[in-house]
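Q: Please see the structure below; I have some questions.
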Amino acid sequence: MNLHQAEFNLSPELTRLFSVFVLLGVAVMLVGLGMAPERVWPSLLLVSYFVLGMGLAAVVFIALQYVTNGAWGVAIRRVPEAMTVFILAGALGLAVVFLAHRSLYSWTAAAHDAGNTAAWFKRFWLTWPFFLARAVVYLLVWIAFARAIARNSQLQDRDGDVAYTHRNARLSALFLVVFGITLWLASYDWLMSLEPEWFSTIFGMYSFSGLFASGIAAIIIFAVALQKLGPLEGILREDHLHDLGKLLFAFSTFWAYIWFCQYMLIWYTDIPEETGYFVKRMQGTWRPLFLLNFMLNWTVPFLALLPRATKRTPSLLVKVAVIVLLGRWLDLYLIILPPFMGHKPSFGAWEFGLMLGAIGASALLFFRALRRAAPVPMRDPWLSDSLHHHQ
Amino acid sequence: MSRRLLLGVFGKEQDILGVTSAARKSGYKIVDVYAPYAVHGLDHAMGLGPSRLPRVCFALGLFGAAVKVWFEFWTTAQDWPINVGGKPWNSLPAFVPVTFEVMVLFAGLSTVFAFFYVSGLWPGKKAAIVDPHVTNDQFILVLEQSDAAFDISRVKRLFEAFNVLRIEERLAEEAR
């Protein structure tokens with residue numbers, strides 16, 4: 001096995017394919033802004049948050065490896081490190097939405113909630129300058145942590161100094177705490193406040209569970225792709241995939257657990273302010289989607305990942321990961337779109353175009369970011385443990 | 001009928017792993033391998049198939065969940081209908097947490113008991129320790145001298161290639 005491989009370049013065919021995706025996405029978005037802005041803006045929020053979430057999940061994954069002294073994932077760590085570029089991409093998309101179309105958030109209208117004196121804190125929290133300032137803080141903090149952690153790991157390639165590992169362990173511990181609080185608040189700000197009358201105190205946890213499951217799914221897909229394309233050939237073993245598969249299984253189930261917690265408590269308490277959210281999403285043609293969401297995010301991955309063989313077979317594991325990513329998209333669709341679509345869900349060129357654009361942009365950005373460093377952290381003290389990882 | 005056994009005692013993990021897979025590849029019948037702790041990869045070296053315990057776990061978990069859903073339906077909707085917060089008598093969401101717990105209980109306990117059963121463990125069972133050293137610092141590979149073709153000198157040479165500490169022949173009085 002040769003660790004000092006030449007710089008990896010994506011084949012021209014794939015580059016062209018993904019570039020076409022991006023162009024299509026941008027074209028659909030520009031046309032859509034003129035023809036169906038009420039569907040394109042929420043969709044842009046959706047794909048931006050989706051992409052941002054995968055980048056954040058990648059940092060969480062790296063941070064968890066550092067704080068637990070987990071050696072097994074070191075050989076594939078450049079995959080999540082490259083994925084951190086998604087944070088910037090997602091932040092850019094969110095910035096466009098916030099700066100160009102703030103009326104997406106109904107509470108920005110002046111008359112909103114004016115008569116309700118009990119909601120003084122909500123009115124203070126949901127003021128536009130404060131909202132923007134918070135968004136800037138969350139995004140800057142995440143970007144700073146992601147860059148610092150990836151940079152330490154890449155600097156270690158030069159001299160193999162173990163101090164970088166210790167520094168990253170401390171940074172990671174701090175990041176996990178800061179991330180827990182900021183993601184919680186950010187998901188309240190950006191997603192829950194789309195329906196400002198509704199609230200759910202578990203929403204932050206719910207948002208994290210889907211975010212991390214989709215991040216693991218993306219790591220699996222990119223890692224297997226790199227094994228097929230060359231850079232991780234002979235490095236990514238069945239045992240690594242087995243561990244990634246177990247994580248996907250665990251966090252898919254965690255998502256189901258949190259999803260049901262939110263649903264059951266609201267169903268049990270039966271307060272009109274809270275049930276409105278589910279009533280909207282379970283009526284008419286929304287209902288099949290509502291059930292499909294649970295299938296894609298939990299039932300299918302759970303049953304598919306139970307046997308050991310699925311977790312150790314790259315082609316099968318990638319299929320499950322794709323299902324989880326589709327489920328994540330549907331989950332966000334059901335969180336974001338219902339207030340804008342009324343009684344009937346619609347899916348057409350606008351939603352599909354933005355989805356394609358996000359896929360193309362993610363792939364291009366990922367393979368570009370990967371070239372910044374060697375495909376494996378060559379002088380990480382745990383590398384040899386990871387290369388000989390056994391179940 | 002008594003069985004003629006050949007014991008090889010080894011002092012290192014990599015030796016027991018190496019000799020076990022070498023013995024299996026040469027076609028000797030491995031009765032068992034004893035080790036002071038769980039040695040990673042030993043099941044692979046012995047040629048053991050995957051454990052069947054997960055199937056017991058899955059089946060009994062499913063059984064526990066099904067029985068619990070039926071029981072909750074029977075208690076709250078059939079035998080003694082109770083109005084809780086104006087909910088319908090048969091309210092599946094309310095059953096889910098307890099169903100989950102009972103499923104875990106059935107799956108967990110059944111796996112443990114199935115493990116005790118297949119490994120022949122029960123209270124008061126006398127421990128069959130092949131040598132006290134396997135509880136401390138040594139590993140023992142037990143081969144059965146199954147037929148006339150079993151050539152002891154060749155087996156001894158194989159053992160010696162993996163730094164065997166001592167070799168013993170034994171008669172096992174009963175089949176098990």
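Derivation of every value follows stated rules applied to the coordinates shown; laboratory data play no part. Because the structure is predicted, anything quoted here is derived from the model rather than measured. Backbone-built Cβ (ideal geometry, glycine too); neighbour counts: all protein chains shown.
Q: Between A:VAL141 and B:ASP32, what is the label-to-label distance in nm when each label sits 7 Å out along the Cα-to-Cβ direction?
A: 5.7
Q: While we're on this one: Give me the angle, in degrees from 0 to 90, between the Cα long axis of helix A:163-190 and the longest principal axis of the Cα atoms of chain A, rounded to the nearest 10.
A: That works out to roughly 20 degrees.
Q: Considering only B:VAL69, B:VAL33, B:VAL164, give the residue with the highest GNM mean-square fluctuation for chain B, with springs between Cα atoms whenever their separation is below 10 Å.
A: It is B:VAL69.
Q: What nm distance separates the two modelled labels at B:ASN90 and B:TRP122, each placed 7 Å from Cα along Cα→Cβ?
A: 4.2
Q: Oh, and also: If Lys and Arg each add +1 and Asp and Glu each add -1, what is the summed charge of the other residues whose beta carbon sits under 13 Å from the beta carbon of A:LEU46?
A: Working: positive: A:ARG39, A:ARG328; negative: A:ASP331, A:GLU351.
Once all neighbours under 13 Å are counted, the net charge is 0.
Q: When N counts the residues of segment B:53-119, how does its alpha-carbon radius of gyration compare numerically with 2.2 N^0.38 Å, as a ratio?
A: It is 1.36.
Q: Kindly identify segment A:61-206 as rounded, prolate or oblate by the Cα gyration tensor criterion: order the square roots of the eigenvalues as a ≥ b ≥ c, call it rounded if a/c is under 1.5, otherwise compare a/b with b/c, prolate if a/b is larger, else oblate. The partial results should precede the final answer.
A: Numbers: a/c = 3.20, a/b = 2.42, b/c = 1.32.
Cα axes put segment A:61-206 in the prolate bin.
Q: Continuing with this model, one more query. Can you list the HN-Hα couplings for segment B:30-41, worked out from phi with the Karplus curve (6.51, -1.76, 1.60; θ = phi - 60°), rounded to whole Hz and with x for Gly and Pro?
A: 7, 6, 5, 10, 10, 9, x, 8, 6, 9, 5, x
Q: Could you pull out which residues in segment B:44-73 have an amide N less than 18 Å from a spot 7 Å beyond the Cα of A:HIS390, following the Cα-Cβ vector?
A: Output list for this probe position: B:44-51.
Q: May I pose another question? Convert each backbone phi in segment A:51-67 into a coupling constant with the Karplus relation 6.51 cos²θ - 1.76 cosθ + 1.60 (shift: θ = phi - 60°), then list the ³J(HN,Hα) values in order as whole Hz, x for Gly and Pro.
A: Couplings: 5, 4, x, 5, x, 5, 4, 5, 5, 4, 4, 4, 5, 5, 5, 5, 6 Hz.
Q: What FRET efficiency comes out for the pair A:TRP128/B:ARG52, r = Cβ-Cβ distance, R0 = 45 Å, nearest 0.05? Walk me through the numbers before you get to the answer.
A: Working: r = 61 Å, r/R0 = 1.37.
Once the sixth-power term is evaluated, E becomes 0.15.
Q: With a point put 7 Å past each Cα toward its Cβ, work out how far B:HIS133 is from A:PHE302 in nm, to one decimal.
A: 5.1
Q: With the contact rule set at Cα under 8 Å and sequence spacing of 6 or more, what percent relative contact order holds for chain A?
A: Numbers: 494 pairs, mean separation 132.0, N = 391.
Value for chain A: 34 percent.
Q: Additional query: Tally Lys/Arg at +1 and Asp/Glu at -1 over every other residue whose Cβ is under 13 Å from the Cβ of A:GLY245; what's the total?
A: Details: positive: A:ARG237, A:LYS246, A:ARG308, A:LYS311, A:ARG312, A:LYS319; negative: A:GLU238, A:ASP239, A:ASP243.
In short, +3.
Q: Within a Cβ distance under 15 Å of A:ILE181, other residues only, what is the Lys/Arg minus Asp/Glu net charge? Working shown, then result.
A: Numbers: positive: A:ARG134; negative: A:ASP189.
Its environment carries a net charge of 0.
Q: Tabulate in residue order the Karplus-calculated ³J(HN,Hα) for segment B:151-168, using 6.51 cos²θ - 1.76 cosθ + 1.60 with θ = phi - 60°, rounded to whole Hz; enter x for Gly and Pro.
A: 9, 4, 5, 5, 4, 4, 4, 4, 4, 5, 4, 10, 6, 5, 8, 7, 10, 10
Q: May I ask for the angle, rounded to the nearest 10°, between helix A:314-336 and the longest principal axis of chain A, with both axes built from Cα atoms and the value confined to 0 to 90°?
A: 20
Q: I'd like the trypsin sites (Lys or Arg not before Pro) in segment B:1-49 restricted to DSSP loop residues with at most 16 other Cβ atoms within 10 Å, sorted by number. Each step should come with its number before you reach the end.
A: Numbers: sites: B:ARG3, B:ARG4, B:LYS12, B:ARG24, B:LYS25, B:LYS29; in loops: B:LYS12.
Here the sparse-neighbourhood loop sites are B:LYS12.
Q: Tell me the angle of helix B:53-73 to the major Cα principal axis of chain B, expressed in degrees between 0 and 90 and rounded to the nearest ten.
A: For B:53-73 against chain B, the angle is about 10 degrees.
Q: Can you compute the helix-only [θ] at 222 nm over the protein assembly as shown? Use -39500 (n - 2.57) per DSSP H run of at least 4 residues, normalise by all residues, nearest 500 deg cm²/dmol. Numbers along the way, then the final one.
A: Details: 22 runs with 363 residues, N = 567.
That comes out to -21500 deg cm²/dmol.
Q: Pick from B:LEU105, B:LEU42, B:LEU92: which residue has the top mean-square fluctuation in a GNM of chain B where Cα pairs under 10 Å get a spring?
A: Its mean-square fluctuation being the largest, the pick is B:LEU92.
Q: Can you give me the convex hull volume of the Cα atoms of chain A, divided per residue and expressed in Å³? Before the final figure, lay out each step's value.
A: Details: hull volume 53.7 nm³, N = 391.
Considering the Cα atoms of chain A, their hull volume per residue is 137 Å³.
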